[in-house]
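J.: Sharing a structure here in structure tokens format.
The values are calculated or read from the model by the stated rules, or taken from the named source; none is laboratory data. Computed from a predicted model, the values in this text were never measured in an experiment. Note that each Cβ is placed from the backbone with ideal geometry, even for glycine, and that neighbours are counted across all protein chains shown.
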Amino acid sequence: MSASAPSMFTPAATAMAAELGLKMGRANLDEFAATLEALAKANPNLVAVTSDSRGSGKLAPFGKILPKQLVEVGIAEQNLVGITAGLAACGKKSFGVSPSCFLTARSLEQIKNDICYSDVPAVLVGISSGVSYGALGTTHHSLHDLAVLRAIHNLTIVVPADNFESREAVLAAAQATKPMFLRFGKAAMFHLHRPGSDFAVGKAITLREGRDAALIATGETVIHALLATGRLAQHGLNCRVISMHTIKPLDAETILKAGRECQALVTVEEHSLQGGLGEACAGVLLQAGVSKPFRMIGMPDDETVPGTQADIFRHYGLSMEGLTETVLQLTESGRRTERTRAQT
């Protein structure tokens, strides 16, 4: 059984969450497992495939309650993808669940050919993504998955930010007629959405309006972006927060709206800066001729530091404090540029 992740939040971040009226939920992975189990109880045609990962995927209860709907392949991720694809081709609704670092590296050819090229409605679920495994180091970090999967045609990629987005993403995946990839971390997440919120694959969600800067974030970084806007408000800045839960297809309309309305933009991702959300957003903006002060916050091209997920977030500026400082620097830089233009 996978151990629970340590808290991602400093006392200051927890205090800001309380100030913003946010309540703590459970890990998105727990929400995924509970939703999948409920769906499987109602649909005997739904099956889960695991690669010695039912514990870390929170699917041990699923296996006990519905043993005929869980297939264990052992530590063999390529086989997992092939079997998940085969079950989908035979009419099953199949979910292949495995640590994202292994699933998307060892099995990339099978993802490309068995699932996407073959166009079967299989769902791949990357668990313990990003730096969720923390001190286990680079071998267990998944900072490449979004980049490599964005380059594979015919694959929808969803990275939920909280329990609501996780539940809705699983429900959408269960109805999908095309290949999908879902990405989950391990840490408990605050609830970000009000009751009655809407979720649609391919359509980002604006959690907070503002025009001084826009923070476009995905997955477990969204909460840190939202907390940063609370602190930025104390500095007199009114900032927008966008949960870009779908990486592909990307919501270009929301990105361009933020680029045209806001004075600066910051992208935030638990992923390499190469090939991830930031570069995708930059491409949308540049091709549309939208130019604003812009920063990408994620993991640079160096050897990832060891430590807990929270330690790594702080090191790379993904925490509330780091994002606050980035936006303050960026908006001040933008003001200086505008003053210089006005004087010339």
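J.: Just checking: which of the helices (runs of 4 or more DSSP H) contained wholly in segment 209-306 hold 1 or more residues that are within 13 Å of the chain's Cα centre (by Cα), modelled with pLDDT of 95 or more and within 30 Å of R167 (Cα to Cα)?
T.: 222-234, 277-287
J.: Quick one: A173 ticks every box in (1) within 28 Å of G317 (Cβ to Cβ); (2) surrounded by 19 or more Cβ atoms within 10 Å (Cβ to Cβ) bar one, so which box is it?
T.: Against the list (1) within 28 Å of G317 (Cβ to Cβ); (2) surrounded by 19 or more Cβ atoms within 10 Å (Cβ to Cβ), A173 comes up short only on (1).
J.: State all residues of segment 248-267 that are buried (at least 24 other Cβ atoms within 10 Å of the Cβ) and under 20 Å from V148 (Cβ atoms); if no residue qualifies, say none.
T.: Across segment 248-267, the qualifying residue is only T267.
For every residue, the table says whether it meets (1) within 20 Å of A169 (Cα to Cα); (2) not hydroxyl-bearing (S, T, Y).
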site: V47; (1), (2): yes, yes
site: K68; (1), (2): no, yes
site: K92; (1), (2): yes, yes
site: N113; (1), (2): no, yes
site: A122; (1), (2): yes, yes
site: S129; (1), (2): yes, no
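J.: While we're on this one: Filter segment 313-344 for residues that are modelled with pLDDT of 95 or more and of a type in the set (V, I, T) and give the result.
T.: T324, T326, V327
J.: Just to be sure I understand the filter: pairs with C-beta atoms under 6 Å, separated by 6 or more residues or on different chains, first member in segment 117-135 and among the aromatic types (F, W, Y), second member surrounded by fewer than 24 Cβ atoms within 10 Å (Cβ to Cβ). Which pairs pass?
T.: That search, which allows pairs on different chains as well, returns Y133/H140.
J.: Checking the structure you have, find out if any residue of segment 51-69 is in contact with a Gly (Cβ under 7 Å, 6 or more places away or on another chain), assigned to a strand (DSSP E or B), crowded, with 16+ Cβ neighbours inside 10 Å and assigned by TED's automatic domain parsing to the domain that holds S128.
T.: The answer is no; no qualifying residue exists.
J.: In this structure, is N28 closer than 27 Å to P195 by Cα, surrounded by 17 or more Cβ atoms within 10 Å (Cβ to Cβ), in contact (Cβ under 8 Å) with a residue 40 or more places away in the chain and not assigned by TED's automatic domain parsing to the domain that holds T229?
T.: yes
J.: Kindly indicate which of K203, K112, K178 is basic (K, R), touching a residue at least 40 places away in the same chain (Cβ under 8 Å), surrounded by fewer than 22 Cβ atoms within 10 Å (Cβ to Cβ) and in contact with a Pro (Cβ under 7 Å, 6 or more places away or on another chain).
T.: Checking each option against the conditions leaves just K178.
J.: When the residues of segment 154-168 are narrowed to those that are among the hydrophobic types (A, V, I, L, M, F, W, C) and touching a helix residue (DSSP H, G or I) at 6+ places or on another chain (Cβ under 8 Å), which ends up surrounded by the fewest Cβ atoms within 10 Å (Cβ to Cβ)?
T.: For segment 154-168, the residue satisfying everything is L155.
J.: Select, from L277, L256, the only residue that is in the same structural domain as D212 (by TED's automatic domain parsing), within 17 Å of D212 (Cα to Cα) and of a type in the set (A, V, I, L, M, F, W, C).
T.: After ruling out the rest, the residue left standing is L256.
J.: Within segment 70-83, track down each residue that is farther than 17 Å from F184 by Cβ, among the aliphatic types (A, V, I, L, M) and part of a helix (DSSP H, G or I).
T.: Residues satisfying the conditions are V81, I83.
J.: Failed condition for M8, given (1) under 21 Å from F181 (Cβ atoms); (2) buried (at least 20 other Cβ atoms within 10 Å of the Cβ), with all others met?
T.: Of (1) under 21 Å from F181 (Cβ atoms); (2) buried (at least 20 other Cβ atoms within 10 Å of the Cβ), only one is false for M8: (1).
J.: What's the total number of residues in segment 178-188 that are in a loop (DSSP other than H, G, I, E, B), closer than 21 Å to S53 by Cβ and not aliphatic (A, V, I, L, M)?
T.: Residues in segment 178-188 being in a loop (DSSP other than H, G, I, E, B), closer than 21 Å to S53 by Cβ and not aliphatic (A, V, I, L, M): 4 in total.
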